[in-house]
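*Asks:* Take a look at the following structure, please.
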Amino acid sequence: MKTSNEEWQATGKQNANIYFALFVVGGLAGLLQMSSPVKFGLGFEMVALGRNLAETGSYANPFLVLNTGPTAANPPVYPVFLALLTKVLRSTDPVVLAATVSSMVANAFTASWLPRVSGVFYGDIKPGIVAAILWLASAQLMPSWDASFTVAGLLLFCLLSAHLRTRKGVVPAVVTGAIAGLLFGLNPSSLLITLPWIAYLMLSRRVLWRQTAVVLATLFLLMFLWAARNYAQLGAFVVRTNLGMTLYSSDNDCAQPSMIADEANNCFQSHHPNMSLSEAQLLLKLGEVTYDRKRTADAETWIKTHPERFRQLTLARFRDFWFPPVEESAFKVHVIWAITILSIPGLIWMLFRRERVSVFVLLVLFLYPLMYYVVVSDVRYRYPVLWLSELPAGYFLWRTYAYLLVRRQR
């Protein structure tokens, strides 16, 4: 007879094998995707920032048509990573390869960590195994953007913060807060996930208030440093300056719901400073902060004077966020549709079984997409919270399987 300690060790070893297998499969899936062309190079703002930072040492000139100087239109962490790759590898092709492989590895870590997060959510890794399979079927290589790293970072943050209570000392809390700060530097919208998660841990009494205070202090210190840099470079204590240009290029007379449709009729190119020379010249003349405020006001004026068209665009973008249009990567888009559909009964079942994490998941899935209902839709905007649909979908599929198995045995 095995002792309880031996059984625990055997289970831990089995789980570790599962995590490793999912990582390997994630890597193989990424290698298969690398056979297709990836988007990278001219026209991508984070890539331009990385190149400029490597060549001049200045975090500036993100736009294609004109050098507009120092910027806060894009968060800094991923461009800094691309700058390091450019410094080390020097030529373009190795940089593209390294960025693509890095995206692949991040996706593989996400597949490996989903069962562990499932253990935190449900006390059971099996829904997370199903979620990992759904992730592998839906994940894309996006080396021009931060999305893959943001998803992996969010899972890592949830795992580390959930175990803070069992770890003594200030260092684990500082590390967790630093990860939250880096996530903010990857994607400022991650605050709509990290802050509700911290609140959930506090309310569920898993993390002490002292540890929470250290996590938040570290996070806000990193945010403050970035805002202070922007004050020194741009003259305003801001964390990002792209709201106005995004709203203005998304809500206007020629606007379409999705980014691809908006680019197809040349609407995006004529309204955004990345492609429009006149917009870039105006930004350079006014300064990025003033330009951002002006275009925010212009977009608000258009919205007030075109309520019906804005309503139509918003409803279409609401649909596109949850069910992205099949404009490219049709198979993966259809998998996202399936994940969204399966997550609904999963969330209902979670509420019925009184899973405490249900409130956190529902809150984030309500808050996070709000900003994306009023700007041009793009499938990459779905990825930072896709895992919060995949876990309920995995929960539903696993619980259904277990229920049918029990009925069959009876």
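The values are calculated or read from the model by the stated rules, or taken from the named source; none is laboratory data. Nothing here was measured: the structure is a model prediction, and the numbers come from that model. Because the Cβ atoms are built from the backbone with ideal geometry, glycine has one as well, and the counts that use them run over all protein chains shown.
*Asks:* Do we have any residue at all in the stretch 70-85 that's of a type in the set (Phe, Trp, Tyr), at pLDDT 95 or above and in a helix (DSSP H, G or I)?
*Replies:* Let us first name the residues in the stretch 70-85 that are of a type in the set (Phe, Trp, Tyr), namely 78, 81.
Narrowing further to those that are at pLDDT 95 or above: 78, 81.
Adding the requirement that they be in a helix (DSSP H, G or I) leaves 78, 81.
Checking the stretch 70-85: at least one residue is of a type in the set (Phe, Trp, Tyr), at pLDDT 95 or above and in a helix (DSSP H, G or I).
*Asks:* Please work out which one of (1) surrounded by fewer than 15 Cβ atoms within 10 Å (Cβ to Cβ); (2) aliphatic (A, V, I, L, M); (3) more than 27 Å from the chain's Cα centre (by Cα) is the condition LEU284 fails and give its number.
*Replies:* (1)
*Asks:* Continuing with this model, one more query. Determine, yes or no, whether ARG380 is surrounded by 14 or more Cβ atoms within 10 Å (Cβ to Cβ) and basic (Lys, Arg).
*Replies:* Details: surrounded by 14 or more Cβ atoms within 10 Å (Cβ to Cβ): yes; basic (Lys, Arg): yes.
Yes: the conditions hold for ARG380.
*Asks:* Consider only pairs whose beta carbons are under 6 Å apart and that are at least six residues apart or on different chains; among these, list those whose first residue lies in the stretch 1-23 and is closer than 25 Å to LEU155 by Cα and modelled with pLDDT of 85 or more and whose second residue is part of a helix (DSSP H, G or I) and hydrophobic (A, V, I, L, M, F, W, C).
*Replies:* Close Cβ pairs (under 6 Å, with a partner that is part of a helix (DSSP H, G or I) and hydrophobic (A, V, I, L, M, F, W, C)) amount to LEU22/ALA111; LEU22/ALA132; PHE23/ALA108.
*Asks:* Those residues that are closer than 17 Å to LEU182 by Cβ and surrounded by fewer than 16 Cβ atoms within 10 Å (Cβ to Cβ), I need them from the stretch 81-102; list them, please.
*Replies:* LEU84
*Asks:* Could you list all residues from the stretch 87-105 that are assigned to a helix (DSSP H, G or I) and among the basic types (Lys, Arg)? So that I can check it myself, show each step before the final result.
*Replies:* Start the filter on the stretch 87-105 by keeping residues that are assigned to a helix (DSSP H, G or I), which leaves 87-89, 92-105.
Once the filter is applied, which keeps residues that are assigned to a helix (DSSP H, G or I) and among the basic types (Lys, Arg), the stretch 87-105 yields only LYS87.
*Asks:* If we keep just the residues of the stretch 315-334 that are crowded, with 16+ Cβ neighbours inside 10 Å and more than 18 Å from the chain's Cα centre (by Cα), which is farthest from GLN140 (Cα to Cα)?
*Replies:* Within the stretch 315-334, the match that is farthest from GLN140 (Cα to Cα) is ALA316.
*Asks:* Looking for something in contact with a strand residue (DSSP E or B) (Cβ under 6 Å, 6 or more places away or on another chain), outside any helix (DSSP H, G or I), more than 25 Å from THR241 (Cα to Cα) and touching a residue at least 24 places away in the same chain (Cβ under 8 Å) - is there at least one such residue anywhere in the stretch 348-355? So that I can check it myself, show each step before the final result.
*Replies:* Restricting attention to the stretch 348-355, the residues satisfying the condition of being in contact with a strand residue (DSSP E or B) (Cβ under 6 Å, 6 or more places away or on another chain) are none.
No, the stretch 348-355 contains no residue that is in contact with a strand residue (DSSP E or B) (Cβ under 6 Å, 6 or more places away or on another chain), outside any helix (DSSP H, G or I), more than 25 Å from THR241 (Cα to Cα) and touching a residue at least 24 places away in the same chain (Cβ under 8 Å).
*Asks:* When the residues of the stretch 370-410 are narrowed to those that are under 30 Å from SER189 (Cβ atoms) and basic (Lys, Arg), which ends up modelled with the highest pLDDT?
*Replies:* Residues of the stretch 370-410 under 30 Å from SER189 (Cβ atoms): 370-398.
Narrowing the set further to residues that are basic (Lys, Arg) leaves 380, 382.
On the way: ARG380: 93, ARG382: 96.
Per the criteria, the residue is ARG382.
*Asks:* Which pairs have Cβ atoms under 6 Å, sit 6 or more apart or on different chains, and link a residue in the stretch 35-53 that is touching a residue at least 40 places away in the same chain (Cβ under 8 Å) and closer than 14 Å to LEU97 by Cβ to one that is surrounded by 21 or more Cβ atoms within 10 Å (Cβ to Cβ) and aromatic (Phe, Trp, Tyr)?
*Replies:* none
*Asks:* Out of LEU183, LEU222, which single residue is within 25 Å of TYR19 (Cα to Cα), hydrophobic (A, V, I, L, M, F, W, C) and in a helix (DSSP H, G or I)? Quick ask: steps written out before the conclusion?
*Replies:* Details: LEU222 fails: within 25 Å of TYR19 (Cα to Cα).
From the options LEU183, LEU222, the qualifying one is LEU183.
*Asks:* For VAL105, state whether it is surrounded by 15 or more Cβ atoms within 10 Å (Cβ to Cβ) and touching a Pro at 6+ places or on another chain (Cβ under 9 Å).
*Replies:* Values: surrounded by 15 or more Cβ atoms within 10 Å (Cβ to Cβ): yes; touching a Pro at 6+ places or on another chain (Cβ under 9 Å): no.
Spelling it out, it is not the case that VAL105 is surrounded by 15 or more Cβ atoms within 10 Å (Cβ to Cβ) and touching a Pro at 6+ places or on another chain (Cβ under 9 Å).
*Asks:* Let me ask something additional. Would you confirm whether any residue within the stretch 387-394 is more than 26 Å from PHE268 (Cα to Cα) and aromatic (Phe, Trp, Tyr)? Spell out how you get there, then give the answer.
*Replies:* Kept after step one, since they are more than 26 Å from PHE268 (Cα to Cα), are these residues of the stretch 387-394: 387-394.
Filter once more, keeping what is aromatic (Phe, Trp, Tyr): 387.
Among the residues of the stretch 387-394, at least one is more than 26 Å from PHE268 (Cα to Cα) and aromatic (Phe, Trp, Tyr), which makes the answer yes.
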